[in-house]
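All remarks here apply to the structure that follows.
Please treat every number below as a calculation from the coordinates, not as lab data. As the structure is a computational prediction, the values presented were derived from the model and not from experiment. Here the Cβ positions follow ideal geometry from the backbone for every residue, glycine too, while neighbour counts run over all protein chains shown.
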Amino acid sequence: MSANDWHRREFLQSILSLPLAASVLTAQPSGVRLESFDYSGVRLLPGRLRDQYRATRDFYAALPEDDLVHGFRVEAGLPAPGKPLDGWCHANSDVVFGQWLSGMARMAKATGDTVLRDKAARLMAAWARCFDKTGSLGGHYAFDKFFCGALDLHLYTANPEALPLLRRIAAAASKSLPRARRVASPADQQAAADGNSEWYTLSENLYRAYLATGEATFKDFGDVWRYEAYWSRFLETSTPPVLRVHAYSHVNSFNGLPMAYAVTGDERYLRMARNACDFVRNSQLFATGGFGPGERLAGYDGDLGRSLELHADTAEIPCGSWAGFKLSRYMLNCTGEARYGDWIERLVYNGIGAALPMTGNGETFYYGDYHTGSGTKYYLWDHWPCCSGTYIQAVADYVNLVYFRDSSGIYVNLFVPSEVTWQQAGQSVKLTQETKYPENEETHLRLETGGPVTASIRFRVPEWANAASVQVNGAPVALEIRPSTWATLARTWQSGDRIDIRVPMHLRAEAIDKQHPDRVAILYGPVVLVEDLRFNLGLQMPPGHHKPEDLAARLRPEDGHPLSFQVVDPPDQAIHSGRFFPYYEAVANLPYRMYHDFTRSELA
Ligand SMILES: [Zn+2]
């Protein structure tokens, strides 16, 4: 192996944390600016994210294995103990099964959880036995998930059966999957005609497999499913005419773009990826980071704002968060630009981070409800939907979104209680992050090293921040602070050095779109607040008067409840406004309002 090959292998390892020994590279991956830790070297410490992580782990770890594969075994004519699932998985669990494997493998890698690792291995083996009898892959949609699950068992648990299985199912799929590959349309939003549903998401995982193994068959098969006819709309612009098609799967298809760039090095894919991300960010996102009212992409003509009057299925949360996490992470990898971390932060607190927990027999939080009248958190009417697959994947990804690195040092993308260990110039460095963010504006970083180490420590200045102060070992440091960029501290560090970061938060209103300037969500720092609508009609303010100082005059912080506010109503207002509190704290069935129409100055 030449030095150049070695360099390329390091490159690949950095984007996917690949087992070096497994790689036989045939591709030159395109530039990686920031490396992910890829479920290694990062630990969550007590806090909101770890609570959700653990609850999610425990839910999936407790699911009876025989039930999860019951339908596959029946179809294969094998003994099928246990009982069938219901809902979306009433026949078998092919719409989510691979995602369960994927989430378990990623969690097992991150935490050394052998229970979850072994469970995933047994489930994959049980499914593979059925597949080898039936040859059934369930179409593009299910194949993509099986493939991702087996790939993640290969990548993250070093399961020796996974790669042979990947080869078998890719070979079967290349014979059996229809190749009509039509562009979706408003009449056929997932291009589902003739059994092609969501074919356009397949290239991402096939390219991941190629990058992991160097096996050209995976690349060739990935090439088949590039969504060029849709992606090319974003080649020169981030505002192409909007196709009113299925939101989640089209945003998820954009994950094929950075992967196509990694595989081919063709800058066109990076350009399309940038424009596609800007399209989503600028025209599709609610304040929570969710998107897709009624599961469709929104037009530029005030569609998003109007949707708030029509929909309780405002945004598909676990699936949308998973797509957003991946896309943001890939863009951080290949551009190094901090702004791609902003969407992650929204979703961590207001998307998947505000979802109801998985519970019962597959009761799943699917839709965020942002209706302007009143909304509630509710479980989907059907059990085991798509979002029961992406729920564990999205939560598993928390540990992979907090830190990034390059040869110069470490990047703190999220303020989350956690610790990270990495090698800097041959030295092991550990950084511990203590914070109660977002309930508190302060974050404290502490370094442990074996000796002096020269490194840049950077943190992302959130998109909403207009200031930040930093102290190193108690001494103030002047830093350039610009929203959506990295603030950089470059120096030689000693063990025990401490960095104190304070990012002042404030109330602010975000309009849903420019056609509805007075239809706003109220946020404090990164957190979307909702108003408790029990026994009241909701806060009213005059149109155009919802600047931060206007909000601060009406919303007073509640003693003892961080991020909660009591409303100061006019003395003659007969029905009082409700308290405001974080959307992530809303429990099931409690009526709240997230988007407010500030069109009247008072209520009778
Ligand atoms: Zn879903």
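Laid out as a table, the results:
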read-out	value
Residues Asp220 and Gln471, FRET efficiency given R0 of 60 Å [Cβ-Cβ distance, rounded to 0.05]	0.65
Cα pair count fraction exceeding 22 Å, expressed as % - segment 337-445	47
Taking N as its residue count, the alpha carbon Rg of the chain over 2.2 N^0.38 Å	0.96
Viscosity 1.306 mPa s, 10 °C: Kirkwood-radius Stokes-Einstein D of segment 406-502 over Cα pairs, µm²/s	117
Whole-Hz ³J(HN,Hα) from phi, Karplus 6.51 cos²θ - 1.76 cosθ + 1.60, for segment 556-567, glycine and proline x	9, x, 8, 4, x, 10, x, 6, 10, 9, 8, 8
Dipole-positive endmost among Ile457, Gln427, Asn440 within segment 406-502 (Cβ charges, Cα centre)	Gln427
Helix-only CD estimate at 222 nm, as mean residue ellipticity for the chain, using -39500 (n - 2.57) per DSSP H run (n ≥ 4)	-11500 deg cm²/dmol
Extension gain (nm, one decimal) between Lys514 and Ala180, 0.36 nm per residue minus Cα-Cα	116.4 nm
Alpha-carbon centroids, segment 242-272 and segment 37-82: separation in whole Å	29
Extreme residue, positive dipole direction of segment 31-170, given options Ala110, His90, Ser136 (C-beta unit charges)	Ala110
Estimated FRET transfer efficiency when R0 is 22 angstrom, pair Leu235-Asn282 (beta carbons, to 0.05)	0.80
Relative packing of peptides 317-326, 331-340, 114-123, 474-483 - highest average C-beta neighbours within 10 Å first	317-326, 331-340, 114-123, 474-483
Quarter of the Cα convex hull surface for segment 481-540, i.e. its orientation-mean projected area (nm²)	7.4
DSSP-defined antiparallel bridges as percent of all bridges, the chain, nearest 5	95
Coil-residue trypsin sites (Lys or Arg not before Pro) of segment 454-558, DSSP, other Cβ within 10 Å capped at 15	Lys514, Arg534
Relative pair counts by distance (%), Cα atoms of segment 507-597, 10 Å bins	17, 53, 28, 2
Assigned charges on the beta-carbon of Lys, Arg, Asp, Glu; the chain dipole about Cα centre (debye)	1200
Overall dimensions of segment 118-270 by Cα: Rg and Dmax, Å	15.9, 48
Two-site label geometry, Glu442 and Asn589: point separation in nm, points 7 Å out along Cα→Cβ	4.1
